[in-house]
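So the structure is just underneath, and the comments pick up after that.
The values are calculated or read from the model by the stated rules, or taken from the named source; none is laboratory data. No experiment lies behind these values; they were computed from the predicted model shown. All Cβ positions, even for glycine, are placed from backbone atoms using ideal geometry, and neighbour counts span all protein chains on display. Accessible surface is based on the protein model in full, side chains and every heavy atom, while ligands, DNA and RNA are left aside. Shrake-Rupley method; radii C 1.70, N 1.55, O 1.52, S 1.80 Å.
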Amino acid sequence: MRIIVVDNYKEMSKKAAAMIASQIILKPNSVLGLATGDTPLGMYKELIEMYDMKQIDFREVKSFNLDEYYGLEKENSQSYHHYMIKNFFSNINIDKEKINIPNGKAKNIKKECENYDKKISDSGNIDIQVLGIGVNGHIGFNEPSVDFKAGTHLVELDEKTIKSNSRFFNSIEDVPTKAISMGIKTIMNSKKIVLLANGKGKADAIFKTVKGKICPEVPASVLQFHNDVTIILDKEAAGKLES
Ligand code: PGA
């Protein structure tokens, strides 16, 4: 694991965007694995700026998002489809046909999940996967007690995740209790992984991910087994690493 500690959120976002940009410059038809949540918002802004300045071109890029809430329409303002279009895709020249996000309303969820993994492997696997991390150590929506061998699947959201994500909804009752998520196996097949974390609230999860035992109770700890992981942290998220 390569750990990069920077001063603040802006620097974290710039470094992450630089990694994505260099991936696209070196391989214009790269396959990107993308994440939602608060953490990558700054990175998306930086990438949009680079696109506006004609430093990168997304025309040939293909993308796969990590997850989507189960039961939400794409058009719902809380869906990850909506988030991605609003915060990234509508601002760059990615081909709509090359965007992939799990369909939370799919009639046959098992098939939806199998097809999602197949599409990823048929694309030659993800070149670079961006990850945030939950306060409980989740990656994607792979919650504690995860099965490390699972591919994309339907997950029950952890209580902590529902509580944390309720900030985006009118009330906690509105937060979906299930989601479709790439599994750990899907994520681990990515050629490169970049995990971002900022703020004190993530310090414990980062400590356990980097220095703790590899165990299903801390899903991100499995990344210790991957041979190309870069973790970019602000000082607060890195706060427990030096003790
Ligand atoms: P956040 O979520 O970026 O909104 O903190 C990260 C996650 O839960 O994976």
(request) Collect residues whose amide H, placed 1.01 Å from N in the peptide plane, falls under 5 Å from the amide H of residue 56; neighbours closer than 5 in sequence don't count. (result) 51
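Just from its helices, what would the mean residue ellipticity at 222 nm be for the chain, if runs of 4 or more DSSP H residues each count -39500 (n - 2.57) and the sum is divided by every residue, rounded to the nearest 500 deg cm²/dmol? Don't jump to the answer; show the numbers that get you there.
Details: 7 runs with 73 residues, N = 243.
Roughly -9000 deg cm²/dmol at 222 nm, from the helical runs in the chain.
If you take every residue apart from residue 74 with its C-beta less than 15 Å away from the C-beta of residue 74, what net charge results, scoring Lys and Arg +1 and Asp and Glu -1?
Numbers: positive: 86, 96, 105, 107; negative: 67, 68, 73, 75, 112.
That works out to -1.
Filter the GluC sites (Glu not before Pro) in the range 36-131 down to the DSSP loop ones having no more than 15 other Cβ atoms within 10 Å, then list what survives. Working shown, then result.
Details: sites: 46, 49, 60, 68, 73, 75, 97, 112, 114; in loops: 60, 73, 75.
Within the range 36-131, the qualifying GluC sites (Glu not before Pro) (loop, at most 15 other Cβ atoms within 10 Å) are 60, 73, 75.
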(request) Normalise the Debye intensity by I(0) for the chain, one equal point scatterer per Cα, no solvent, then take log10 at q = 0.11, 0.12 Å⁻¹ and round to two decimals. (result) -0.52, -0.63
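Give me the percent of the accessible area of the chain that comes from carbon and sulfur atoms, probe 1.4 Å, all protein chains in place. Intermediate values should be presented prior to the final figure.
Details: 5780 of 11590 Å².
Answer for the chain is 50 percent, counting heavy atoms of protein chains only.
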(message) For the range 1-141, take every pair of Cα atoms, bin their distances at 5 Å starting from 0, and report each bin as a whole percent.
(response) 2, 9, 18, 24, 21, 15, 8, 3, 0, 0
(message) Tell me which DSSP H helices of the chain clear both cut-offs, 20 Å or more of axial length from alpha-carbon atoms and a mean Kyte-Doolittle hydropathy of at least -1.0.
(response) 9-26
(message) If amide hydrogens are placed 1.01 Å from N in the peptide plane, which non-local residues have theirs closer than 5 Å to the one on residue 3?
(response) 231
(message) Restricting to Cα pairs below 8 Å that are 6+ residues apart, what does the relative contact order work out to for the range 2-234? Please round to a whole percent.
(response) 25
(message) Ordering 138, 153 by accessible area with a probe of 1.4 Å, largest first, what comes out?
(response) 153, 138
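Mind giving me the FRET efficiency for residue 5 and residue 93? R0 is 25 Å, r the Cβ-Cβ distance, nearest 0.05 is fine.
Values: r = 33 Å, r/R0 = 1.34.
The value I calculate is 0.15.
Tally Lys/Arg at +1 and Asp/Glu at -1 over every other residue whose Cβ is under 11 Å from the Cβ of residue 168; what's the total? All intermediate terms of the calculation are to be shown ahead of the outcome.
Numbers: positive: 167; negative: 38, 174.
Local net charge: -1.
What Kirkwood Rh does the range 144-183 have if only Cα atoms enter the pairwise 1/r average? Answer in Å. Could the numbers behind the result be given before it?
Numbers: mean 1/r = 0.0909 Å⁻¹.
Hydrodynamic radius (Kirkwood, Cα only) of the range 144-183 equals 11.0 Å.
Assuming 1.567 mPa s and 4 °C, estimate D for the range 1-56 with Stokes-Einstein, Rh taken as the Kirkwood radius over Cα pairs, in µm²/s. Let's see the in-between values first.
On the way: Rh = 12.0 Å.
Calculated translational D: 108 µm²/s.
Give me the number: length gained by fully extending residue 214 to residue 107, i.e. 0.36 nm times residue separation minus the C-alpha to C-alpha distance, one decimal in nm.
Values: separation 107, 0.36 × 107 = 38.52 nm, distance 3.52 nm.
Result for the pair: 35.0 nm of gain on full extension.
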(request) Find how much the distance from residue 86 to residue 173 grows on full extension, using 0.36 nm per residue of separation minus their present alpha carbon separation; answer in nm with one decimal. (result) 28.9 nm
(request) Would you mind checking which residues have amide H under 5 Å from residue 131's amide H? H placed 1.01 Å from N; only 5 or more apart, or other chain. (result) 194, 195, 196
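Output the pairs from 105/160; 86/118; 107/178 with a Cα-Cα distance over 20 Å in this structure; if there are none, say none.
105/160; 86/118
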